[in-house]
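**Student:** Sending over a structure as structure tokens; questions will come in a sec.
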Amino acid sequence: MRLLLFEMKKMTRTRLLFFLAAGTLLLIGAIFIRNVLQQDMVTAEKVESFSNHLQDVSSQNRTDLMMMEDEPSDELELRLNKGLDLQDKLNELIDSISKGLREDELQGEIEVSRSAIAYKDARGRYTMSHADLEDTIRLNEQLLALGLPKEDPDRSNQPPLFMKQMMVLVLNPVGYTVLFLLLGISITREFEDRNMRMVYAFPVPRWRVVLVKFTSLLLVAMAWLVYFLLLSYLLPTLVMETREQIFDYPLLLTSGELMRVGSYINEAVLYSAGTLFFAAAMVTLIGFGFRQTIVSSVIITALFTGGWMLARNGMDVFLNPFTYVSGNQVILSQPAFYPGGILVLLIVSIVLLFAAMWSNQRRGVAK
Amino acid sequence: MIVAIKNLSKQYKKQQVLRDISLSIDSPGIWALVGPNGVGKTTFLNIVTNLIPATSGSVELVGKSNKNYKVFKEVSYLQDNTVLFDYLTGYDHLKYVCDMHRLPAKRIREVASYVGMENYLRKTVGNYSLGMKQHLLLAMAIINEPKLLLLDEPLNGLDPTSAIMMRRILLELADKGTTIILSSHNLSEVDRVTKQIIFLKDGKLIEENMDQYEQVYYQVTVKKKSPLKELLTEKAFVFDETGSGFRILLGSHEFQSLLDLLQQSDVDVLDMQKEITGSEKRYEEVFEVGSL
């Protein structure tokens, strides 16, 4: 415990925590301000998107009308009718969006989607797929049932959606790599600066030195995670008006099923905690193994990015710990891996930690 | 047995650093590990303390294998000042050592006062001078009152005041029953604290007592050299001329003769310093230092 307190004291004196905290605050603050400033753009972009659909459908309807005059057919007539219906629905939807009638907007989008499906079935061209249109219907029906408006998941200032946005942005392979490159220096620098020779000349077993380093890395990483989550939650909560039942806001999984954003955050927090455990153990093993900042940094970066790329390209299997480094991806595409994946991360971490303690037990510290 | 080294060897690839070394020390006192730079003094101490694993052989310190971490309860190793954390204070370091040895915090004040570092205890080590760092290292090494104290170049780079203080502390610790092994290449400093010297040459230890090699010199600074030089030559003193006087070799029975000579010559003596050497001559023989 005393050794751990000394480690924590060293961490605080190196100003690492200060820079980490300040950097996190700046990032979250900047994204929040960007979201606030872009709220008007969200509406404008929606109008633009549906206007583009309207333009396509209108153009096709005109073509179909001319063709009907030249060479009428049942098929053409059906498509024209569906197309005209879709055109009307799109006009109504654009009107609802422009007027800020949120409930009408949701209902209108459902009707547009249904109409678009019918239009596509009649061989009409519409740039959204069947699956996407059905997802939209399911999502909007759920939102209507909850009495919630539709949010842009990348620009919302509602607490759980902003938290999700920040988690996707930061708790990913790049974020973990940066975090653990910073934290890992606390191990390698002590070998390079020769401080570790002093530590090894005290009545403390060497495995405990490794364990204490790991624990200090983990504690700092966990403290940072709590700070990051609190900031992501508190900033929108204190500044913006929070809607009721916003934690029930539905998210679409890759399978097309819906998930509460509150459940998403719970899973993402647990995956993140598990990944921090895994990353701390990995960095401890690499730091005590290679004992050089540059070499260790290159290996940590290569492992995180390489492992994540493998996971993205078909190796996202249950037992691969790198599958869980991108929490967003695994939650949305592999819901069955929860909560077993967290156990995988913990078991792999313990194995790595034991390997670090064992390999360091008989090794010297000086040259 | 305080130190029991048996058949210790260390090889780095093709380079044999230590060759089948054995050494036994079973009483308190000061031993100086002497050798030129790069001969492997620090490596030897690092191997003895198991900071570097030996290739073969065994080391026991205060009755325990050096591979047992508990050995450091009774053994302290003062390393060079790069082991200190520049961003922590002297107090932080001493508190850490106290915690490692489960000693009460009041020991920090006691030991800081003993080595004379109370005034800068709360300053960060990055702002310490070389001497201040040596004081801190010494305080860290003696805070647990070890039976065996290993010191790597403790007198290196110290100003005269710090060097005098360090010497006094080492002699006092040895008197109180601590066994001290210090490495140094500064022979005049070594001669002031011990006559028990261990030369490290070509990976082997040569342990000798310097009593037989001891020589006493007097550095005499005079206003004018000329009358004294002739008298010294006439009375067959062995001496060297220095910038402002003479370095005169004495046997113990000749001191009164020198005083008489100085009185007779009627020269103005500005200063007179005693200098004891012993290891230097032996060092020259052991390491085959040729004349310029």
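The values are calculated or read from the model by the stated rules, or taken from the named source; none is laboratory data. Given the structure is predicted, the values throughout are model-derived calculations rather than measurements. Every residue, glycine as well, gets a Cβ built from its backbone with ideal geometry; the counts of neighbours run over all protein chains shown.
**Student:** Please state which one of A:M259, A:M240, A:M282 is over 26 Å from A:T323 (Cα atoms) and surrounded by 15 or more Cβ atoms within 10 Å (Cβ to Cβ).
**Tutor:** Working: A:M259 fails: over 26 Å from A:T323 (Cα atoms); A:M282 fails: over 26 Å from A:T323 (Cα atoms).
That would be A:M240, the only listed residue that is over 26 Å from A:T323 (Cα atoms) and surrounded by 15 or more Cβ atoms within 10 Å (Cβ to Cβ).
**Student:** Still on this model: What's the number of the condition B:R102 fails, among (1) more than 8 Å from every other protein chain (Cβ to nearest Cβ); (2) assigned to a loop (DSSP other than H, G, I, E, B); (3) in contact with a helix residue (DSSP H, G or I) (Cβ under 8 Å, 6 or more places away or on another chain)?
**Tutor:** (3)
**Student:** Could you check how many residues of the range A:197-237 are in a loop (DSSP other than H, G, I, E, B) and either β-branched (V, I, T) or crowded, with 18+ Cβ neighbours inside 10 Å (or both)?
**Tutor:** 4
**Student:** Yes or no: the range A:138-154 includes at least one residue that is of a type in the set (A, V, I, L, M, F, W, C) and more than 28 Å from A:P236 (Cα to Cα).
**Tutor:** Scanning the range A:138-154, I find no residue that is of a type in the set (A, V, I, L, M, F, W, C) and more than 28 Å from A:P236 (Cα to Cα), so the answer is no.
**Student:** So, one more: Being under 30 Å from A:L225 (Cβ atoms) and out of contact with any Lys or Arg (no Cβ under 9 Å at 6 or more places or on another chain) narrows it down to one residue among A:L54, A:L84, A:L4, A:L90; which is it?
**Tutor:** The conditions single out A:L4.
**Student:** State yes or no: is B:R122 in a helix (DSSP H, G or I) and either over 25 Å from B:I180 (Cα atoms) or assigned by TED's automatic domain parsing to the domain that holds B:I169 (or both)?
**Tutor:** no
**Student:** Checking B:V75 against (1) surrounded by 21 or more Cβ atoms within 10 Å (Cβ to Cβ); (2) hydrophobic (A, V, I, L, M, F, W, C); (3) more than 10 Å from every other protein chain (Cβ to nearest Cβ), which single condition isn't satisfied?
**Tutor:** Result: B:V75 passes all but (3).
**Student:** Consider A:M8 carefully, then state whether it is in contact (Cβ under 8 Å) with a residue 12 or more places away in the chain, in a helix (DSSP H, G or I), surrounded by fewer than 18 Cβ atoms within 10 Å (Cβ to Cβ) and not assigned by TED's automatic domain parsing to the domain that holds A:E109. Step through it out loud before you land on a result.
**Tutor:** Details: in contact (Cβ under 8 Å) with a residue 12 or more places away in the chain: yes; in a helix (DSSP H, G or I): yes; surrounded by fewer than 18 Cβ atoms within 10 Å (Cβ to Cβ): yes; not assigned by TED's automatic domain parsing to the domain that holds A:E109: yes.
For A:M8, the condition - in contact (Cβ under 8 Å) with a residue 12 or more places away in the chain, in a helix (DSSP H, G or I), surrounded by fewer than 18 Cβ atoms within 10 Å (Cβ to Cβ) and not assigned by TED's automatic domain parsing to the domain that holds A:E109 - is met.
**Student:** I would also like to ask the following. Let me spell it out: the conditions are (1) crowded, with 16+ Cβ neighbours inside 10 Å; (2) under 30 Å from B:N7 (Cα atoms), and B:V222 meets all of them except one. Which number is the exception?
**Tutor:** Here B:V222 clears every test but (2).
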